[in-house]
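**Student:** First, the structure itself, so that you have it in front of you.
The values are calculated or read from the model by the stated rules, or taken from the named source; none is laboratory data. The model shown is predicted, which means the values in this text are computed figures rather than measured ones. A quick note on method: Cβ atoms are made from the backbone with ideal geometry, for glycine too, and the neighbour counts reach across all protein chains shown. Accessible surface is based on the protein model in full, side chains and every heavy atom, while ligands, DNA and RNA are left aside. Shrake-Rupley method; radii C 1.70, N 1.55, O 1.52, S 1.80 Å.
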Amino acid sequence: MEKINIGIFDDHTFTAKGLAHYLTNNTIEISFCCQTKTELIACIEASEIELLILDVIAPDVLGLELFEIVTNNYPAIHIIAHTTLSSAMLVENLLSLGVKGFVNKKQPEADLLACIQAVCMGEINIPEEYHFLTSKYRTLSSNILSPREVQILQLISTELTSQAIADRLTLSLFTVENHRKSIFKKLAVKNLAGMLMTASRLGYIS
């Protein structure tokens, strides 16, 4: 296998540096490790990576926006999601965005190395329990929150009122309340506690 240039995004510096140290070998070169959205975009522009190891959660990131940015603007870059989150819905969303690999941080580091090798050979590599998802590529369904709904959901989780959210996003109170109702409907919940619990389980909030 030819040398692979890889970028790593993880808001925990220790994790990123540990991965870089473990993965660097005769066939893998780590081009950069970064911790913020701004850094990531700058690093991608300044390098010629073929593969990106991307964490799902970061303080300045809403939902799966980084995955959308990379797949939309840098389609030649293979992406592996590396996260503590784990759910069929999350994996399905990632696959629908064009992500080729998924490794939970609880898995052995060797699994990440194997995933890199598989993805670089054009394969999809995800844990066995999610293999049923690879039979088709589905676009985001009506059950998945839109980017705006994710943004509002995350603001709700900080205990902001609907009016405060409307003021912050320059939206009408009516629009925010409609988004709120849509979130409840899509997540199939009936109250705020249920919404926050389900949203956390699905990886929309941490």
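**Student:** What order do Lys181, Lys186 take when sorted by accessible area (1.4 Å probe), most exposed first?
**Tutor:** Lys181, Lys186
**Student:** For His78, list long-range residues whose amide hydrogen, built 1.01 Å from N in the peptide plane, is under 5 Å from its own amide hydrogen.
**Tutor:** Residues meeting the criterion, in which the H sits 1.01 Å from N, are Leu51, Leu52.
**Student:** Using only the heavy atoms of the protein chains and a 1.4 Å probe, how would Lys100, Lys106 rank by accessible area, largest first?
**Tutor:** Largest to smallest exposure gives the sequence Lys106, Lys100.
**Student:** Follow-up. Students sometimes get this wrong: rank His179, His21, His12 by accessible area, probe 1.4 Å, all chains present, largest first.
**Tutor:** His21, His12, His179
**Student:** Moving on. Would you mind calculating the gained length between Leu160 and Leu113 on full extension (0.36 nm times residue separation, minus the Cα-Cα distance), in nm to one decimal?
**Tutor:** So the extension gain works out to 12.7 nm.
**Student:** With a 1.4 Å probe and all protein chains kept in place, how much accessible area does Ser200 have, in Å² rounded to the nearest 10?
**Tutor:** Counting only protein heavy atoms, the figure is 50 Å².
**Student:** Take every Cα pair under 8 Å in region 1-118 that's 6+ residues apart, average their separations, divide by the length, and report that relative contact order as a whole percent.
**Tutor:** Once divided by the residue count of region 1-118, the mean separation gives 22 percent.
**Student:** Please list 163-171, 63-71 highest first by mean number of surrounding beta-carbon atoms within 10 Å per residue.
**Tutor:** 63-71, 163-171
**Student:** For semi-axes √(5λ) of the Cα gyration tensor in Å, one of [x] 35, 17, 14; [y] 32, 19, 15; [z] 35, 21, 15 was computed from the structure I shared and the rest are decoys. Which label?
**Tutor:** Among [x] 35, 17, 14; [y] 32, 19, 15; [z] 35, 21, 15, the one calculated here is [y].
**Student:** Now for a different question. Out of every Cα-Cα pair in region 39-110, what percent are more than 21 Å apart?
**Tutor:** 22 percent
**Student:** I've got another one for you. Using the alpha-carbon atoms, what tilt in degrees (0 to 90, nearest 10) does helix 109-120 show relative to the longest principal axis of the chain?
**Tutor:** Approximately 80 degrees, to the nearest ten.
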